[in-house]
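Below is one structure, written out as structure tokens; comments come after it.
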Amino acid sequence: MLIEPEADAWPELVERARRRDRGSVDWKRFREQMGLNGDEAVVLSGHQAGLWHAGIAAKYMALHAASCLGAVAWVIADLDDNRPTLLRIASQDRRGVWRGEWIELAEGDTGHPDAACVSRRPVAVRSDVPEQARLAAMAMQEARAGASDLAGQAHRAVEIVLERAGVPRVERVIRASATAQTDFFHAVVDRMIADPRRCVELYNAAVASHPDAGVRALVCRVESGRYELPLWRIGANQPRMPVMVDGGEVPREGLVPRGLLMTGMLRAAGCELFIHGTGGGAYDRVTEQWFRSWLGLELSPAAVVSATRLLNLGVEPVEARALERAIAQAHRARHDPGLLGDDAARRAKQALLERIDHLPRRSHERARLFWEMHAKLREVVDEHSEQIAALDARAERMREQFASNEAVRDRTWSIALHDPQTLHDLYEQVREAFAHVRLHP
């Protein structure tokens with residue numbers, strides 16, 4: 001499990017954030033519009049709607065534990081176009097090799113694949129899913145009741161899976177899409193449209209400063225005055241569309257923030273601490289630089305929380321070098337009797353090799369002894385055929401295990417595939433990390 005900085009350092013981060021200069025942003029108004037408490041410290045975290053892996057669940061658990069620091073809220077990133085009804089399960093082929101297999105949980109139409117989750121309706125769930133997917137399907141079907149959209153259905157499904165593992169839910173949940181209804185967002189959009197070049201150039205400069213973050217630069221055509229803004233335009237069951245400006249009027253209907261803008265707004269005005277996973281911790285360095293250079297705003301601190309939990313597939317991972325050694329041993333055993341424990345045959349081979357080494361090259365006697373040595377080796381192989389077969393079988397078994405390595409070491413299997421005890425143990429580990437964390441009076 002990763003908590004960075006350690007939980008004991010979080011109170012100081014929160015206190016520092018409460019004292020920071022918030023610039024001209026009316027942060028209390030923003031929090032009011034987002035359904036957050038403006039009178040106490042706020043800690044936020046969030047992710048796409050979907051049946052996450054354990055690393056994301058660790059963020060959720062840490063957020064719950066961070067309630068000792070103030071109000072906490074989970075942000076559903078409902079503006080993403082991810083597919084929460086797709087579940088990857090582990091399956092074996094005829095050779096026994098474990099691989100990932102994608103299955104569709106939804107029964108019937110799931111809406112436009114490029115639409116934001118908030119723009120897609122809840123779905124009915126198939127009953128004919130593999131055993132591994134039963135919990136995921138049950139949770140998604142149960143979550144359908146009362147859900148207003150696919151994002152809400154998927155998030156409730158996660159809560160159901162975690163509740164079965166004894167993990168309490170984070171009571172306050174807000175939507176990324178709600179940021180688009182705030183005064184802060186409208187002011188930011190006004191500023192973008194008034195000077196798109198500056199907005200985009202500073203965004204791209206931040207992207208260029210952090211190439212490892214994996215963030216794409218925006219279109220910036222100074223000659224033609226064409227710029228891509230960090231916004232989407234969304235509609236009911238419609239694909240998310242990029243927003244381009246080229247000097248004309250920009251209709252405001254359906255405008256929502258892209259990921260960096262959304263988290264930037266939340267960190268600028270919505271919280272004192274934001275909990276990222278490892279991916280968000282990387283890309284938000286771009287956000288920090290962009291908001292500082294473009295808007296003159298310092299963001300609240302960020303922490304990183306993640307964890308790795310592997311599925312128990314009954315197969316141990318095999319290192320490449322161990323496989324190479326096993327293959328080499330099975331091959332060498334046919335030529336080195338010592339590997340088979342036949343010391344007499346090993347000494348006999350060594351004696352023949354020494355005699356061969358002292359004979360002239362291409363001589364008849366040298367050739368005769370060479371063939372005699374190989375004949376004796378064949379006899380040894382026949383005598384130790386069971387040992388040879390065992391070494392071959394071991395190498396083949398390790399080949400198959402090695403082929404399963406990707407699945408065995410994969411940390412991104414959904415929490416719906418894990419044993420509930422695995423998730424509960426992770427929750428207890430997170431709780432223990434926060435056991436003595438308190439906000440300073």
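The values are calculated or read from the model by the stated rules, or taken from the named source; none is laboratory data. This structure is a prediction, so every number in the text was calculated from the model and none was measured. FYI the Cβ positions are ideal-geometry reconstructions off the backbone, even for glycines, and counts take in every protein chain you see.
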Worksheet item: Which residue out of R346, R334 is in contact with a helix residue (DSSP H, G or I) (Cβ under 6 Å, 6 or more places away or on another chain) and not in a loop (DSSP other than H, G, I, E, B)?
Response: R346
Discussion item. For a quick check of your reading: which helices (runs of 4 or more DSSP H) sit entirely within the stretch 95-210 and have at least 2 residues that are in contact with a Lys or Arg (Cβ under 8 Å, 6 or more places away or on another chain) and farther than 16 Å from A416 by Cβ?
Written reply: 150-164, 183-194, 196-209
Practice prompt. Only residues in the stretch 86-105 that are more than 19 Å from D128 (Cβ to Cβ) count as the first member; pair them with residues that are basic (K, R) and at pLDDT 95 or above, Cβ under 6 angstrom, at least 6 apart or cross-chain, and list the lot.
Written response: G100/R88
Practice prompt. Only residues that are crowded, with 18+ Cβ neighbours inside 10 Å and not small (G, A, S): list them for the stretch 104-133, please.
Written response: L105, T110, C117, V118, R120, P122, V123, V125, V129, Q132
Practice prompt. Out of G23, G50, report the one residue that is on the phi > 0 side of the Ramachandran plot and either free of Cβ contacts under 8 Å to residues at least 60 places away in the same chain or in contact with a Ser or Thr (Cβ under 9 Å, 6 or more places away or on another chain) (or both).
Written response: G50
Discussion item. Tell me whether the stretch 277-298 contains one or more residues that are in a helix (DSSP H, G or I) and over 44 Å from the mean Cα position of the chain (by Cα).
Written reply: no
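Which of the helices (runs of 4 or more DSSP H) contained wholly in the stretch 369-441 include at least 1 residues that are more than 30 Å from A333 (Cα to Cα)?
405-408, 420-433
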Discussion item. Exactly one condition in (1) part of a helix (DSSP H, G or I); (2) assigned by TED's automatic domain parsing to the domain that holds R191; (3) surrounded by fewer than 19 Cβ atoms within 10 Å (Cβ to Cβ) is false for M244; which is it?
Written reply: (1)
Worksheet item: Just one of G277, G281 is touching a residue at least 12 places away in the same chain (Cβ under 8 Å), over 17 Å from V42 (Cβ atoms) and out of contact with any Asp or Glu (no Cβ under 9 Å at 6 or more places or on another chain); which is it?
Response: G277
Discussion item. Please go through the stretch 30-57 and give me each residue that is acidic (D, E) and part of a helix (DSSP H, G or I), ordered by number.
Written reply: E32
Practice prompt. Considering only the stretch 108-144, state which residues are modelled with pLDDT under 95 and closer than 22 Å to P168 by Cβ.
Written response: none
Response to the item:
Checked the stretch 235-267 for anything under 25 Å from the mean Cα position of the chain (by Cα) and among the small types (G, A, S); matches are G259, G264
Worksheet entry | Pair list, Cβ < 9 Å and 6+ apart or interchain, from the stretch 1-13 residues that are β-branched (V, I, T) to residues that are part of a strand (DSSP E or B) | I3/A303; I3/V304; I3/V305; I3/S306
Worksheet item: Taking D128 and the conditions (1) more than 24 Å from L231 (Cα to Cα); (2) acidic (D, E); (3) under 21 Å from the mean Cα position of the chain (by Cα), which numbered condition does it fall short on, given that it satisfies the others?
Response: (3)
